[in-house]
Each structure stands twice: as C-alpha cells, then as structure tokens.
Amino acid sequence: MTNETQDQLSRLWEDFRNLPFPSGFHSREPDGECMVAMDATLAGCISSAINGQLDDERHEILHSRIALLGRILPLIRDDENATNYFTLLHQAAILAAELDDARRA
C-alpha cells in the first residue's frame, strides 16, 4: 500500500505543481482563511511527506489543514479554476496523510 500510495501521490503532486494559483485567491479568504497560507502550508507538508515521515508537528498540521480545506471547498464552488486547484491540493494532502500514517504504523 505504501509504495502504491507514494506513486499516486507523486503523480498527483506533479499534476498539481503545473497548475497556476487561482487568480483572485491571493486576497479572497473564504470562511476567514487565507488561501495563500493554506496552499503554502499544505504544499510544505506534502513535499515533506514525499521525502519521508513527517515530524509530529507537521503530521498534526497536515491533518488539521485537510479537515479545514474540506470545509472550505464547498464555499469556493463559484470559481471553477479555484475548485480544481484546491480539490487537487486536498486530494494530494489526503494521500500524503495516508502515506505518513502508514509509515507511522
């Protein structure tokens, strides 16, 4: 499972990295959340998870941000580019968490 998850994550991460950050979301804060910070925080956690097991702090941040982004996604459905971008980020973060959880088991 871990190798399969890592392969899926690597492919998804490559796809995500080719997407431009959605215009208008540099200043838009759905539910009071800065989406630039959301992007940067999750990207850092995902990148770290690709390279090895996360430390406890990143592990907690990753899981909390996954939940938060899951609540925000329905609030941005009015913007197709942002929905695609943040959905892909969310999916990559979920895979990163699964990979990290498997490494911890």
Potential extension, residue 51-residue 4 segment - 0.36 nm per residue separation minus Cα distance: 15.4 nm
Sum of -39500 (n - 2.57) over DSSP H runs of 4+, divided by residues of the chain (222 nm, nearest 500): -24500 deg cm²/dmol
Reciprocal mean inverse distance between Cα atoms of the chain - Kirkwood radius, Å: 13.8 Å
Label-point gap, in nm, between residue 28 and residue 11 - each point 7 angstrom along Cα→Cβ: 2.9 nm
Candidates 48, 64, 27, ranked by Gaussian network fluctuation over the chain, Cα under 10 Å, top entry: 27
Contour minus Cα-Cα distance for residue 79 and residue 105 (0.36 nm per residue): 5.5 nm
Accessible carbon and sulfur surface of the chain relative to its total accessible area, %, 1.4 Å: 45 percent
Accessible area of the chain divided out per residue, in Å², using a probe of 1.4 angstrom: 55 Å²
Relative contact order, percent, the chain [alpha-carbon distance under 8 Å, six or more residues apart]: 42 percent
Percentage relative contact order, the range 23-76, counting C-alpha pairs under 8 Å, at least six apart: 35 percent
Loop-located trypsin sites (Lys or Arg not before Pro) in the range 64-94, at most 10 other Cβ atoms within 10 Å (DSSP): 77
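The values are calculated or read from the model by the stated rules, or taken from the named source; none is laboratory data. What you see is a predicted model, and the numbers here were worked out from it, not measured in a lab. Cβ sites come from the backbone with ideal geometry, for glycine too, and all protein chains shown count toward neighbours. Keep in mind that these areas ignore ligands, DNA and RNA; they rest on the heavy atoms of the full protein, side chains included. Shrake-Rupley method; radii C 1.70, N 1.55, O 1.52, S 1.80 Å.
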